[in-house]
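A short write-up of the structure that comes next.
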Amino acid sequence: MMNALASLDWFLIATSLAKTVFLLFLVVLPMVSYTVYAERRVSALIQDRLGPNRVGFPTTLLGLKTDISPFLGGLGQPIADAVKLLLKEDFTPAHVKKFYYWIAPGLGIAAVIVTLAVIPFGSSFLGVPMVIANVNVGPLFIFAISSLSVYGIVLAGWSANSKYPFLGGIRSSSQMISYELALGLSVVPLFLILGRLNLPEIVQYQVKNGWLLLPFTDGKLTLKEVLLWIPVFISFVIFTISLFAETNRLPFDLPECETELVAGYHTEYSSMKFALFFLGEYAAMIAGSSLVVTMFLGGWHLPFIPDGANQGGLDFLHAVPAWIWGIVNITVFFGKVAALLFFFIWVRWTLPRFRYDQLMRLGWIYFFEIAFINVILTAGILAFFPN
Amino acid sequence: MSPLFFWIFSLLMLGFAASVVLNRNPVASALSLVVSFLGLAALYVSLDAYFIGTIQVLVYAGAVMVLFLFIIMLLDLKAEQRRKLNIAVTAGGVIVTLGFVAQLIHVLHRLPIGNQPFSALPAPLDDVRNVGTTLFSAYNLPFQVVGVLLLVASIGVIVLSKRELK
Amino acid sequence: MAYTVPRPKLTLAEKFYLPQVVAGLLITWKHFKNMLLGRTKIIMQYPEEKWDASMPSYYRGAPTLVRDEHGRERCVACQLCEFICPPRAIRIKPGEIPPASKWAKVEKYPEEFDIDMIRCIYCGLCEEVCPEQAIFLRKDYAITGLSRSEMIHNKAKLYELGGVMDGVVNKWNPKK
Ligand code: SF4
Ligand code: SF4
């Protein structure tokens, strides 16, 4: 027993813990709440409104002259929202199946958060690689764990014991199964090209050979890269669209579609339990965007910028200490994720919701087949250009 | 990997496997099976077989069991909950299980492979590549045959379900 | 008569759907950009600017009670509004006008008159049904409060909001 404890690598455990705390509480959770804020602001701007632009920080309560309302105004809104959700009455209806009703929100968000463990959100910082778990099956791990998040939704729908949540849960499970297939199959071409499933190595490959979606970022463009760009682009489109379906975002938000199902699977939830579903949805968006950034858009890499060990990039930049570049890499990564989140929001406020049969047809008839042909196409190109 | 994890995960697995059988509520049984699969996946991972572990979660817990749950919820089975415990059948089941376990222990003890220690595998284990190359070189024919079998099965399902419709 | 909705024939680009998606995204992007750059006219910043000045006279705000030009409360506690009110927002306790009063012939007046503004749906039926033109929906629309009891407008509050209204009901006035 003591032996077992002594054999553990305490440095690894301590850094992993620090990274987890940093990623979860200092990056992802604030990012989630500000994504909600961005959702409201962007939707307002798209619809020629202003959105929440009032809530500042009530410094008058502390005896100051004026309240601070930072530059666009309303930046205090997420804090107010969080406080509101925490303080609201947590109501459990009498007709629900209590045990499942209580564990469902936790299941949903836990699955999403675990997927973040394998995302390389930076190069390295003071020699510590910026990924919590460096596993050899990164994308598969993410697919596996995120496929579990459907249990949260299904259980919520079933345990609520009323028809709208139930329909939401049913829809959600069939939708998830359909799109997981397209999601998994659409990235197989990437694995063929990259020849590995380790996410940090995938990023390294893109640092060396140019981002997969923008193969010119390494400064040169070969015929092979141009040809491979076609299947990569198809993969990117299918993957992104399937991601919309996986994260229950409009235009595929049928499990919670307000016009038909009140609020879908979380109709019977209130207060913080509802907020957990909400958090889970946005955290899933962040996790999905992180995966897209890592696999298609070069992860933390930006041309000319060195990595956290002061390698690569422009030579004169190496004068700056390496840890600064470590931080820059992390910022670049989350910058890219934020850009994708904006895209998510933008699409949501542009497109109407799909009908259920359209959704299923898109998943099974079009995406599945196209992804399949894409695999064969990529294999053909690779066979033609064996380096 | 510490043997501690082996005990934790195998106990988890066995406990929830038992609860699959003991639970009267079909949804609870299905969920117990999911946890049991997760325990199995964790065991694979603790043996450094990341690929198999992840596929276990992805295929069984993530897809097959979701379908199961989907069907159970749609059917809304109440009969199982109402059924009385049949002592004779239960006792028979327990006896068969115990007999099987005893046999398994006996046989495994006798086999030389059961007592032989294994050396650790070389550290960076590229298991995805290994599984892939083994499947497509050493076991190429069986792999293709299995593929055809699955294709036949799925076509069969389509044919059967279409005939129902008419 | 049955009417068949004509379904337009889709062109190939429309069937492919993605070009339409991009077109839609460009439209929303234009709105987003114009709003961000301040090119879209912002009509009103609500709590600071109000539209009270341009409110029409027939606006249906909060229901209020009014007095006539003599300062007499017009309501005769007939309770018609109480009965008609769809969400049962009105509660009236009628009282008798003492015989010594100048308005003794009116006989009744509301001792208590509560309108629960949490219930009121601003339908205006009370105004319509009132035979005495005593209750009017005035222009107050921002009715807020920190407690439920604060949201119940009692008689004093209703008269304060309503004020005086000259009207056509002259039957109680002394003959000229
Ligand atoms: S307000 Fe009008 S309808 Fe209501 S009780 Fe008074 S007189 Fe009757
Ligand atoms: S406006 Fe309608 S709801 Fe409000 S008090 Fe009058 S009758 Fe009742």
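Taking Cβ atoms as reference points and 14 Å as the exclusive limit, the residues near residue B:54 contribute a net charge of -3, counting Lys and Arg as +1 and Asp and Glu as -1.
Rounded to the nearest 500, the helix-only mean residue ellipticity at 222 nm of chain B stands at -24500 deg cm²/dmol, with each DSSP H run of n ≥ 4 adding -39,500 (n - 2.57). Summing charges over all other residues whose Cβ lies under 15 Å from the Cβ of residue A:247, with Lys and Arg as +1 and Asp and Glu as -1, gives -2.
For the range A:277-316, chymotrypsin sites (Phe, Trp or Tyr not before Pro) meeting the loop criterion (DSSP other than H, G, I, E, B) and having at most 14 other Cβ atoms within 10 Å: A:304.
Among B:67, B:12, B:85, the largest mean-square fluctuation in a Gaussian network model of chain B, built with springs joining Cα atoms closer than 10 Å, belongs to B:85. Summed over all non-identical Cα pairs, the Kirkwood treatment of the range A:88-384 gives a radius of 20.2 Å. The distance between label points at residue A:99 and residue C:79 comes to 5.5 nm (points 7 Å beyond Cα on the Cα→Cβ vector). Once the Cβ-Cβ distance of residue A:222 and residue C:11 is raised to the sixth power relative to R0 = 30 Å, the FRET efficiency obtained is 0.20. For chain C, a Kirkwood hydrodynamic radius built from all Cα pairs, placed in the Stokes-Einstein relation at 10 °C and 1.306 mPa s, yields a translational diffusion coefficient of 77 µm²/s. Find the centroid of the Cα atoms in the range A:211-238 and in the range C:67-131, then give the distance between the two in whole Å. Each part reduced to its Cα centre gives a spacing of 78 Å.
With a Förster radius of 22 Å applied to the C-beta separation of residue B:109 and residue B:47, the computed FRET efficiency comes to 0.55. Per residue, the convex hull spanned by the alpha carbons of the protein assembly as shown comes to 310 Å³.
Given R0 = 25 Å, the distance between the Cβ atoms of residue C:49 and residue C:146 translates into a calculated FRET efficiency of 0.50. When chain A is treated as a GNM with alpha-carbon contacts under 10 Å, the residue of A:276, A:351, A:362 showing the greatest mean-square fluctuation is A:351.
Residues of the range A:11-51 with an amide N closer than 16 Å to a point placed 7 Å from the Cα of residue A:258 along the Cα-to-Cβ direction: A:36-51. Each label was represented as a point 7 Å from its Cα along the Cα-to-Cβ direction; for residue B:118 and residue B:162 these points are 4.6 nm apart. Under the membrane-span-like helix rule (DSSP H runs whose alpha carbons stretch at least 18 Å along the helix axis, mean Kyte-Doolittle hydropathy 0.5 or higher), chain A yields A:29-46, A:98-115, A:138-159, A:223-246, A:271-296, A:322-348, A:368-384.
Annotation note: GluC sites (Glu not before Pro) in the range C:67-176 located in DSSP loop regions with a Cβ neighbour count of at most 15 within 10 Å are C:69, C:107. Straight-line cross-link reach from residue C:157 at under 22 Å between alpha-carbon atoms covers these lysines, not counting any fewer than eight positions away in the same chain: C:93, C:108, C:139. Taking amide H atoms as placed 1.01 Å from N in the peptide plane, the amide H of residue A:125 lies under 5 Å from those of A:130, each 5 or more residues away in sequence or on another chain.
Taking a straight line from the alpha carbon of residue C:41, these lysines sit under 19 Å away, with near neighbours fewer than eight places off in the same chain left out: C:30, C:33, C:50.
Each reported figure results from applying straightforward, stated rules to the coordinates on display, with no laboratory input. No experiment lies behind these values; they were computed from the predicted model shown. Please note: Cβ atoms are built from the backbone with ideal geometry, for glycine as well, and neighbour counts cover all protein chains shown.
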